[in-house]
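Here's the structure, in C-alpha cells; my notes come after.
Quick note: the coordinates plus some simple rules give every number you see, no bench work behind them. These numbers were taken from a predicted model, which means no experiment stands behind them.
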Amino acid sequence: MTSLPQRGFFTQGFIVQSVGLLVAIIGVGQLYSQYIRPQAAEVEITRRILEQRGAEEATEMSRNFVVILKDFEQQACMTLMAWATILLAYKLWLVGRERSVIDRDFVELEVGQRILPEAALDYSKEVQAVMQEEKGLARKLLPTFVLAALQRFNATHSIQDAAGAVTERSQAAADELDSDLSLVRYITWAIPSVGFIGTVRGIGDALAQADEALQGDLAGVTNSLGLAFNSTLVALVLSIILMFFMHLLQARQEHLIQDFQEYCRIKIVDLMKVPARDDMDSTFV
C-alpha cells in the first residue's frame with residue numbers, strides 16, 4: 001500500500017513473502033516433528049492395543065486430531081495456512097499504518113478560510129515539503145489523495161475536476177490493494193487442491209491393498225482411506241477459515257479507501273472556492 005507501486009525483488013512486500021514462507025515451513029515442520037507425529041504414533045499404538053482387547057475406545061482414538069493431521073498433505077495445508085496468515089497480518093498492519101494519518105490536517109486553514117485555485121499550488125507544495133521531511137508519509141495513500149485534488153484544482157479551476165481526481169486516485173488505490181491479495185487468493189485455491197491430492201493418493205493406496213482386505217486384513221485399507229478423508233477435511237476447513245479472514249481484510253481495505261475519500265471531501269474539496277470571475281470565464285467558454 002504505497003503511493004507508487006513497488007515492483008521487482010527486495011521490496012518490503014517481497015521480503016515479507018519470502019521470510020513468511022520460510023517461517024511457515026520451519027514452524028509447521030517443527031510442530032509436526034516435535035509434537036503431532038510423535039503423538040500420532042503413540043495414539044496409533046494405543047489404538048491397536050485396544051483393538052486387540054476389543055475395547056470400544058479404539059474407534060474414538062482414530063478421530064484424535066493428531067491422527068487427522070499427521071500426514072504430509074495435511075502438513076502442506078497447514079504450512080500454506082500459516083504463510084497466508086502471516087501475509088494477512090502484514091496487510092492488516094499496513095491498513096492500520098495508513099489509517100494512522102487520517103486525523104492529520106495536511107492543509108491547515110483558519111475558520112472561514114477557503115482554498116482558491118491560485119493558492120492550491122502553494123498548499124500542494126506545503127504537502128510535498130511535509131512528505132519530504134517525514135519519509136514515512138511518502139509511502140502513504142492519503143497525502144497523494146490530497147495532492148491530486150489540489151493540483152487538479154490549480155490546473156483546471158474546477159471543483160468538480162478536483163473531486164474527480166480524488167475518485168480516480170481512489171480507484172487506482174483500490175485496484176492496487178486488490179492485486180496485492182493475488183498471492184493470498186492463490187493460497188486459498190491451493191489448499192483444497194493439496195487436500196484433493198491426499199484424497200487421490202489415499203484412495204489409490206486403498207485400492208492397491210484390496211487383495212489384503214479380501215483376506216481379512218483391513219488395517220492398510222483403513223489407514224489409506226483415513227488419509228483420503230482426513231486430508232480433504234483439513235483442507236476444506238482451513239480454506240473456509242482463510243476465506244473468512246481474507247474477506248475481513250478486504251472489507252477493512254474498502255472502508256479505508258472510503259474514509260480517505262470522505263476526508264478529502266470534507267477537508268479539501270468542500271473548502272474549495274472558485275472566484276466569480278472564473279465562473280464567468282468558464283460560462284463564456
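Our estimate of slack between Ser193 and Glu176, defined as 0.36 nm per intervening residue step minus the Cα-Cα distance, is 3.4 nm.
Here's how it looks for Ile115: its modeled amide H is under 5 Å from those of Met272, Lys273, which are all 5 or more places away or on a different chain. Listed here are the pairs Lys91/Lys125; Lys125/Lys267; Lys135/Lys267; which of them are more than 20 Å apart at the Cα? From the list (Lys91/Lys125; Lys125/Lys267; Lys135/Lys267), the Cα-Cα distance tops 20 Å for Lys91/Lys125; Lys135/Lys267.
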